[in-house]
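Below: one structure, written as structure tokens.
Every read-out reported here was derived from the displayed coordinates using simple, explicitly stated rules and does not represent laboratory data. If you're wondering where the values come from, they're calculated on a predicted model, not measured in any experiment. When we count neighbours, we look across all protein chains shown, and the Cβ atoms used for this are built from the backbone with ideal geometry, even at glycine.
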Amino acid sequence: MEKLQILYEDNHLIAVYKPAGILVQGDISHEISLLDMVKDYIKKQYNKPGEVFLGLVHRLDRPVGGVVLFARTSKSASRLSVQWRQRSLTKIYWALVHGKMPQPSGRLTSYLKKRRQKVSLTDETHKRAQEAALTYSTLFVRGKVSLLEVHLHTGRKHQIRVQLAAEGCPIVGDRKYGAPDRREDGTICLVAKSLTFMHPTRPETMYIEAPAPDWAL
């Protein structure tokens, strides 16, 4: 089991680093999840008897690493969920991609549709079309790969993966969306680098940052 890496903690919330390859929430595989790990930590750290409350505010795809925020009270969970719905927080990702973008920085707006476990581009007239928007800037270009900083404006499933692949720059390791090879551990080179939001119980802007992964250095 991975050692839990805590990025921030108080009585109302806890932010941790999710290693790529770990599930945020358990599924039918019954593998240990990040949610399980954080609950176990709180139970032991604070001598909590019985079931520990932990509100799941958002998720990251299994092959993606980065900041994951949990609520420690139901009030915090409710207030944080409102920020997600209203898109009033700032989500920054880093992505290592094949090739380089047509422009060093810019905005991508697309319409996406979900079909089973895959997402694809579609026309805005499609009945299940969802608008997806992001802005990006290039941090470096090294040989045949580029590191991009991505500011996510909408939270669509697989959005960054699909939109960058559509520009001819699939994320390294992401065979599902056009990368030539998968990584040995099945992860992809995408990390939720930082999260900026309002604290759920006091008027304070919170900034939580994940460490840079090896592939971004």
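Annotation: aspartates and glutamates with alpha-carbon distance below 16 angstrom to K113 (same-chain offsets under eight excluded): D123, E124, E131.
Of the GluC sites (Glu not before Pro) in region 57-158, the ones in a loop by DSSP (not H, G, I, E or B) with at most 16 other beta carbons within 10 Å are E124.
Note on region 18-121: Rg/Rh from C-alpha atoms, Kirkwood Rh, equals 1.04. Reachable aspartates and glutamates from K43, Cα under 18 Å, same-chain residues fewer than 8 places away excluded? Straight-distance partners of K43: E2, E9, D10, E51.
Among the listed pairs K3/K44; K3/K118; K3/K39; K144/K176; K18/K118, those whose Cα-Cα separation exceeds 25 Å are K3/K118. Under conditions of 10 °C and 1.306 mPa s, region 137-217 yields 110 µm² s⁻¹ as its translational diffusion coefficient, taking Rh as the Kirkwood radius over Cα pairs in the Stokes-Einstein equation. If R0 is 30 Å, the Cβ-Cβ spacing of E184 and R107 corresponds to a FRET efficiency of close to 0.30.
Backbone geometry of region 95-112 corresponds, through the Karplus equation with coefficients 6.51, -1.76 and 1.60 at θ = phi - 60°, to 3J(HN,Hα) couplings of 9, 9, 10, 6, x, 9, 5, x, 10, x, 8, x, 10, 10, 10, 9, 10, 10 Hz, x marking Gly and Pro. Proximity of backbone amide H atoms, modeled 1.01 Å from N, is registered between G55 and A71, R72, T73 at under 5 Å, excluding neighbours fewer than 5 places apart on the same chain.
Its Cα centre serving as origin, the chain has a Cβ charge dipole (Lys and Arg +1, Asp and Glu -1) of approximately 640 debye. Cross-link reach is defined here as a Cα-Cα straight distance under 15 Å, omitting same-chain residues fewer than 8 places apart; for K91 the aspartates and glutamates meeting it are D61, E149, E209.
What shape does region 79-217 take by its C-alpha gyration tensor, where a ≥ b ≥ c are the square roots of the eigenvalues and a/c under 1.5 counts as rounded, a/b above b/c as prolate, and the rest as oblate? In terms of gyration-tensor shape, oblate. The region of the chain that goes longest without hitting one of the trypsin sites (Lys or Arg not before Pro) in a DSSP loop, each with at most 10 other Cβ atoms within 10 Å, is 4-115. Treating r as the C-beta distance of V145 and Q45 and R0 as 41 Å, the FRET efficiency rounds to 0.55.
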